[in-house]
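Below you'll find the structure, written out as structure tokens, and then a few comments.
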Amino acid sequence: MTQHHPDRTTGEPAHWWRDAVVYQVYVRSFADSDGDGIGDLPGITSRLPYLRDLGVDALWLTPFYTSPQHDHGYDVADYRDVDPLFGTLADADELVARTHELGLRLIVDVVPNHTSNEHAWFRAALEAGPGSPERARYLFRDGRGADGSEPPNNWQSVFGGPAWTRVEDGPGEAGQWYLHLFDSTQPDLDWRNPEVGDLFEDVLRFWLERGVDGFRVDVAHGLLKEEGLRDQVRGDEAGDAPHAMVERVVQDEPMWDQPEVHEVYRRWHKVLADYPGDRMSVAEAWTRGTPGALARYVRDDEMSQAFNFAWLLAPWSAGAFAEVITTTFASLEDVDAIPTWVLSNHDVVRHTTRYGGGPQGLARARAATLTMLALPGASYLYQGEELGLEQVDVEPAFRQDPSWFRTGEPGRDGCRVPIPWSGSEAPFGFGPGTDQPWIPQPATWSPLSVAAQTRTAGSTLELYRSALATRRTFAHTAGDHVEMLDLGEDVLAFHRGPLTVALNCGTAPVPVPAGEVIASSGDLPGGVLPPDTAVWLR
Ligand code: GLC
């Protein structure tokens, strides 16, 4: 199939998502319409013109479905309704309609690995008891040891602690255990049970019929576990990666990336193809094997895209960035797919902070983003990065991440602080209320608000706006071939069609390559490319 190739005659991509820039909206922290300090769907609808003017192609919304919010919506109690915290189904319809009126696309999250423990299925499973068809939708097992008081295997939750919780099988009577790769309020479904696949086909169709353009698939590599649920053989810990998802991962992974998971995405591919308008899917799959493991999710009859977390995990080094680019393209050759790029999301430390914070962290973040936006394929942006926001050190009293409660580590709340829109004090135009939102915003955010940065020369927001506008002049036509250039070991440099891109990761200025500068992440005094700066030329 040649579905991934652009139409060279019109310069339009064969698929809208192929080189789209997608903006991730963390629903509870984007815009609050009703003043309760928590973002909501009408808030997002009211701010859509901002996203159109920023110049993105699509938005991806984190889960807004009915949920007790133990993992901020990644614990879904009803996949076919909107949580009252965020609005109503009518508000969702309005958001879809308005998004399309503005020429944007809408991607929603689907969470198939686990439900909430408040989902009707899980409640029924607790009621029905061992051996019942209701329990067979989840992974209930008897415990080990003489009295069953040991968990069925040694698996650990991604959020810390054992991946099993014991239930009562009668009043006061210790019973079976259920598996939860995440929080105990997120029981894992048994995807070997056909009822589970049927439920999710219905869920996809429900939202496709309401007009969504695609799905971001949560924990896409987790749905199927190795049959038998054997113990994991522990290897070396994965080092100091910036994400819980990879920090606690060890070498042997009977719970992740099982071959049978691909059957699920073949089925979903067919479901999406039933609808007009080029609907898409993107996998969140923290595969750790060869880059080829990720490529398997984007074979022609599976998903459209997969997040390329290798780019996000790369340290600040020209060599490391070059290596990711080269291996990314090599791994996708066999599957004829196009890469994606991402630097920040709601699960990782914001890239300004990862790169050291302060003025240098910001300079590096801007340069890495500019470099990313020149690469063939789709780029995913996370709300607030266009304002240059840093990770916030959230006071313990305000932390809500389940991993904080399970491990006592700070968790992910610091990248989820509501974004500043305007004004000189909290809530910085986030909503009509006058109090701090659900996580307090730092007082220092006043100069970082959208209003403060709009039309301010050199602001990060204006950099994003102009870079996205310039990207439109070449994204469809510059081709997919990237040729790496050797400008010394501290400089990442490549040609893409008529474009030359250089990123200085070193400590000394280097000459700007030949060509007309069409964008730069910072000043280029006297024709040199300073450290921590990127440039596009043609
Ligand atoms: C994904 C989400 C993360 C969530 C987890 C469990 O990794 O991105 O926010 O906590 O899945 O659903």
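The table that follows gives values for the structure above.
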quantity: Accessible area (Å², 1.4 Å probe, nearest 10) - SER521; calculated: 10 Å²
quantity: Gain on full stretching of the segment that runs from THR477 to ALA120 - 0.36 nm per residue minus C-alpha separation; calculated: 123.5 nm
quantity: Sequence of LEU313, LEU104 from largest to smallest accessible area, 1.4 Å probe; calculated: LEU313, LEU104
quantity: Relative contact order %, the chain, counting alpha carbon pairs below 8 Å whose residues are six or more apart; calculated: 13 percent
quantity: Segment 479-537 shape via C-alpha gyration tensor axes, a/c threshold 1.5; calculated: oblate
quantity: Cut-off under 5 Å, modelled amide H: who pairs with TRP60 long-range; calculated: TYR23, GLN24, VAL25, ILE107
quantity: Exposure rank, largest accessible area first [SER424, SER157; 1.4 Å]; calculated: SER424, SER157
quantity: Highest average packing first - 182-192, 106-116, Cβ atoms within 10 Å; calculated: 106-116, 182-192
quantity: Environment charge of PRO447, counting only residues whose C-beta is closer than 15 Å and scoring Lys/Arg +1, Asp/Glu -1; calculated: -3
quantity: Gain on full stretching of the segment that runs from ARG52 to THR407 - 0.36 nm per residue minus C-alpha separation; calculated: 123.8 nm
quantity: Unit Cα scatterers, Debye sum, the chain: log10 I(q)/I(0) for q = 0.13 Å⁻¹; calculated: -1.40
quantity: Environment charge of ASP231, counting only residues whose C-beta is closer than 15 Å and scoring Lys/Arg +1, Asp/Glu -1; calculated: 0
quantity: Kirkwood hydrodynamic radius (C-alpha pairs) into Stokes-Einstein, segment 120-179, 4 °C and 1.567 mPa s, D in µm²/s; calculated: 109 µm²/s
quantity: Rough spin-label spacing in nm, given labels placed 7 Å along Cα→Cβ, for GLU195 and ARG144; calculated: 2.9 nm
quantity: Radius 9 Å from Cβ of PRO130, net charge of other residues (Lys, Arg +1; Asp, Glu -1); calculated: -1
quantity: Phi to ³J(HN,Hα) by Karplus 6.51 cos²θ - 1.76 cosθ + 1.60 over segment 303-308, Hz, x for Gly, Pro; calculated: 8, 6, 8, 9, 4, 9
quantity: Accessible area of segment 120-179 divided out per residue, in Å², using a probe of 1.4 angstrom; calculated: 48 Å²
quantity: Stokes-Einstein D for segment 29-129, Kirkwood Rh over Cα pairs, 20 °C, 1.002 mPa s (µm²/s); calculated: 148 µm²/s
quantity: Rounded to the nearest 20 debye, dipole of segment 447-513 from Cβ charges on Lys, Arg, Asp, Glu; calculated: 480 debye
quantity: Solvent-accessible area per residue for segment 479-537 (1.4 angstrom probe, square angstrom); calculated: 44 Å²
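The values are calculated or read from the model by the stated rules, or taken from the named source; none is laboratory data. The structure presented is a predicted model; accordingly, all values stated were derived computationally and were not measured. Note that we place each Cβ from the backbone using ideal geometry, even for glycine, and neighbour counts take in every protein chain shown. Side chains included, ligands, DNA and RNA excluded: accessible areas come from the protein's heavy atoms. Shrake-Rupley method; radii C 1.70, N 1.55, O 1.52, S 1.80 Å.
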